[in-house]
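The values are calculated or read from the model by the stated rules, or taken from the named source; none is laboratory data. Everything numeric here is computed off the predicted structure, so don't read it as measured data. Cβ atoms come from the backbone with ideal geometry, glycine included; neighbour counts cover every protein chain shown.
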């Protein structure tokens with residue numbers, strides 16, 4: 001998965017991401033502060049029919065939403081967690097193993113808790129208004145940092 005987009009295309013990106021990744025229960029979003037993780041998760045939730053406000057769970061750690069398309073969705077923000085023990089105490093393991101779709105911001109804080117069936121997504125800030133999102137295999141992360149697109153990447157068609 002690989003897409004370059006602006007805010008005006010975020011709904012198309014959300015739809016394309018769901019189409020490509022809906023079989024993966026856990027989505028881990030790696031990105032710098034202010035790059036649009038929560039904004040993108042909001043767009044995905046909107047696409048999936050979430051009717052309530054989708055906000056960053058920075059202080060709550062875990063927010064739960066109901067989706068008409070995907071059932072229960074969990075949105076977690078691990079930014080404030082210091083390590084895996086704190087994540088376990090916050091109850092994230094039960095949520096990750098629930099079978100529901102989980103969106104995780106700042107997964108690097110407790111990466112060892114992510115199961116193998118996790119979709120790893122990197123958001124890069126290309127400029128103030130443009131982002132690039134790409135999926136990657138963490139075991140090949142070092143190699144992918146040197147290559148812009150891997151042979152197994154799927155380019156997202158934004159002409160939905």
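Out of the residues in the stretch 130-146 that are modelled with pLDDT of 55 or more and not in a strand (DSSP E or B), which is surrounded by the fewest Cβ atoms within 10 Å (Cβ to Cβ)?
Once the filter is applied, the top-ranked residue is 139.
Listed residues 47, 65; which is free of Cβ contacts under 8 Å to residues at least 24 places away in the same chain and in contact with a helix residue (DSSP H, G or I) (Cβ under 8 Å, 6 or more places away or on another chain)? Step through it out loud before you land on a result.
Values: 47 fails: free of Cβ contacts under 8 Å to residues at least 24 places away in the same chain.
Just one listed residue meets the conditions, 65.
Out of everything in the stretch 25-72 that is over 13 Å from the mean Cα position of the chain (by Cα) and in a strand (DSSP E or B), what residue ends up being surrounded by the most Cβ atoms within 10 Å (Cβ to Cβ)?
The selected residue is 65.
Mind listing just one residue for me: the one in the stretch 81-106 that is touching a residue at least 40 places away in the same chain (Cβ under 8 Å) and in contact with a helix residue (DSSP H, G or I) (Cβ under 7 Å, 6 or more places away or on another chain) and, of those, surrounded by the most Cβ atoms within 10 Å (Cβ to Cβ)?
103
For the stretch 94-106, name all the residues that are within 17 Å of the chain's Cα centre (by Cα) and over 20 Å from residue 50 (Cα atoms).
97, 106
Can you name the number of the only condition in (1) touching a strand residue (DSSP E or B) at 6+ places or on another chain (Cβ under 6 Å); (2) buried (at least 18 other Cβ atoms within 10 Å of the Cβ); (3) outside any strand (DSSP E or B) that residue 109 fails?
Tallying (1) touching a strand residue (DSSP E or B) at 6+ places or on another chain (Cβ under 6 Å); (2) buried (at least 18 other Cβ atoms within 10 Å of the Cβ); (3) outside any strand (DSSP E or B), residue 109 fails exactly one: (1).
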